[in-house]
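What follows is one structure encoded as structure tokens, with my remarks underneath.
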Amino acid sequence: MAKRDFLGGLAKFTVAAAAVAGVCYAFKDEIRGTKTYQDLNEKYDVDGKVEKAVAKAKETGINAKAKVKETAATVKSKVDEKMESMKEEEEIIDDSEIILDEDDTPNERDYVSIKTEDEKTEESAENEDKADETSDKSDLDE
């Protein structure tokens, strides 16, 4: 229930504030012509401060826009350079996939062989036999 009262009060306040702002906007020239407004404007220089703030905001916006354009151009050029270098590297890699000696024979490379399960079990059995033989010899020496 309190939530409904709060939202209703907030809505009424918002509508009233909008109505007052609308009336002030409609009669802004007449308000500026009153003696009270002119006295306050002379005392606090409201119009001058507003004009300075607007000019400063426009200048800041223009500077920010120019800086963003400059940064975007810099980033774009760096990306283009990187893409060019990547294309050149790809061409180099494609050309040098097969390395040939001076006599046009491929280089011999030493590769590690991949052992199957059968070969692994045979090798482990041989290693165990050798280990048993060495342990037997060491037992005999003692």
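The values are calculated or read from the model by the stated rules, or taken from the named source; none is laboratory data. It should be emphasised that the depicted structure is a prediction, and the values quoted were computed from it without experimental measurement. Note that each Cβ is placed from the backbone with ideal geometry, even for glycine, and that neighbours are counted across all protein chains shown. Surface areas here come from the heavy atoms of the whole protein model, side chains and all, with no ligands, DNA or RNA. Shrake-Rupley method; radii C 1.70, N 1.55, O 1.52, S 1.80 Å.
With the crude spin-label approximation of a point 7 Å out along Cα→Cβ, what separation in nm comes out for K115 versus V68?
Label-label distance for K115 and V68, simple model: 6.5 nm.
For q values of 0.17, 0.27 Å⁻¹, compute log₁₀ I(q)/I(0) with the Debye formula on a Cα-only model of the stretch 17-87, without solvent.
Debye curve over Cα of the stretch 17-87, log10 I(q)/I(0) at q = 0.17, 0.27 Å⁻¹: -0.82, -1.10.
Summing +1 for each Lys or Arg and -1 for each Asp or Glu, what net charge is found among the other residues whose Cβ lies under 12 Å from the Cβ of V46?
Counting the neighbours of V46, the net charge comes to -1.
Would you list which lysines come within 22 Å of K69, measuring only between C-alpha atoms, while excluding same-chain residues fewer than 8 positions from it?
Once the sequence-local lysines are set aside, what remains near K69 is K56, K58, K78, K82.
To make sure I understand the rule: partners must be lysines, Cα under 16 Å from the Cα of K43, and not fewer than 8 residues away in the same chain. Which ones qualify?
Correct list for K43: K35.
With every protein chain left in place and a probe of 1.4 Å, what is the accessible surface of Y44, to the nearest 10 Å²?
110
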